[in-house]
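Where a number appears in this text, it was derived from the coordinates with a stated rule and is not lab data. This structure is a prediction, so every number in the text was calculated from the model and none was measured. Because the Cβ atoms are built from the backbone with ideal geometry, glycine has one as well, and the counts that use them run over all protein chains shown.
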Amino acid sequence: MIEICGLVKDYGGKRAVDGLYLSVDPGVFFTFLGPNGAGKTTTMKIMAGLLNATAGEVTIAGKNVAKDPVGVKAEIGYIPDHPFLYGKLTGWEFLYFTGGLYQMTSNQVKNRGNDLLDIFDLRKEADELIDSYSHGMRQRLAFVACFLHAPKLVVIDEPWVGLDPKNIRAAINFMKEQTKRGVTIFMSTHSLSIAEEVAERIGIIHHGQLLYDGDVEGLRATSEATDLEDVFLSLTEG
């Protein structure tokens with residue numbers, strides 16, 4: 001589903017991503033970890049077609065992101081670290097707008113939207129203006145819009161800000177169910193406990209380079225520490 005080959009991204013004189021190689025199969029829940037400024041968000045924006053790479057290639061579902069950005073965007077859902085929603089639209093109006101971008105019919109948006117609004121506990125507020133939503137409600141609406149067109153790959157950057165434990169649990173359960181149906185989840189997070197619970201594979205990036213790619217048990221084996229936070233800190237110190 002994801003093939004990243006020799007990815008490089010420079011910002012002026014700073015190298016944010018430094019020769020990244022990564023391959024992720026369909027239906028895998030992949031968690032991307034790293035300190036602030038490690039290159040996580042830059043990598044994910046390139047995957048989503050929002051940034052151009054300095055060098056290297058990214059292929060999503062067999063499509064090259066640089067050569068076929070529209071085709072790639074049709075296959076993926078994306079939630080950035082700070083989702084932008086149109087405050088003067090209602091929740092439903094935003095979903096119909098989003099569905100239109102993916103050439104969904106009104107009935108498809110209605111049926112899929114109702115199911116997702118129930119899962120993310122937003123059905124009652126769906127006719128209200130987004131301006132009236134709390135931060136957590138906006139985050140949940142971003143999840144609904146992301147999954148509306150049934151993407152093959154979902155790229156999510158730090159999704160938990162503003163969500164209470166109940167809604168975090170609902171989102172985790174939903175995403176794990178999606179992977180069972182073949183959807184690939186590529187998620188960055190600073191929550192090591194969530195990464196440990198959900199990830200089939202963990203990637204740790206630091207200074208733009210991949211330090212580790214494997215499962216949780218393999219990560220523990222890289223250090224004498226038993227606590228995952230201690231293992232992470234030992235890998236990324238300096």
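Given a cut-off of under 8 Å on Cα pairs at least six residues apart, what relative contact order in percent is computed for the stretch 154-197?
59
Work out how far the C-alpha atoms of the stretch 71-178 reach from end to end along every principal axis, then list the three figures in whole Å, largest first.
33, 29, 23
Given N residues in the chain, what is Rg(Cα) / (2.2 N^0.38 Å)?
Taking N as the residue count of the chain, the ratio is 1.02.
Over the stretch 141-225, what relative contact order in percent results from Cα pairs under 8 Å that are six or more residues apart?
Rounded, it is 23 percent for the stretch 141-225.
Find out how many positive minus negative residues lie around R201, taking Lys and Arg as positive, Asp and Glu as negative, among other residues whose Cβ is under 10 Å from that of R201.
-4
Which whole-number percentage describes the relative contact order of the chain, with Cα contacts under 8 Å and a sequence gap of 6 or more?
It rounds to 27 percent for the chain.
List the aspartates and glutamates whose Cα sits under 14 Å from the Cα of K63, skipping any in the same chain fewer than 8 residues away.
E3, E75
Give me the Kirkwood hydrodynamic radius of the stretch 1-95 in Å, from all C-alpha pairs, to one decimal place?
Working: mean 1/r = 0.0684 Å⁻¹.
Computed over Cα pairs of the stretch 1-95, the Kirkwood hydrodynamic radius comes out at 14.6 Å.
Among the aspartates and glutamates, which have Cα under 17 Å from the Cα of K180 when same-chain residues fewer than 8 positions away are ignored?
In chain and number order, the partners are D25, E197, E200.
Could you give the length gained on full extension between N52 and I168, defined as 0.36 nm per residue of separation minus the Cα-Cα distance, in nm? Don't skip to the end; give the middle numbers.
Values: separation 116, 0.36 × 116 = 41.76 nm, distance 3.18 nm.
Taking 0.36 nm per residue and subtracting the Cα distance, the gain is 38.6 nm.
Of the trypsin sites (Lys or Arg not before Pro) in the stretch 69-114, which ones lie in a loop per DSSP and count no more than 16 other C-beta atoms within 10 Å?
K88
All other residues with a Cβ under 12 Å from the Cβ of G27 taken together, and with Lys, Arg as +1 and Asp, Glu as -1, what is their net charge?
Neighbour charge sum, excluding G27 itself: +2.
Pull up the cross-link candidates among the lysines for K88, meaning alpha carbon to alpha carbon under 19 Å and not fewer than 8 places away within one chain.
Cross-link targets: K124.
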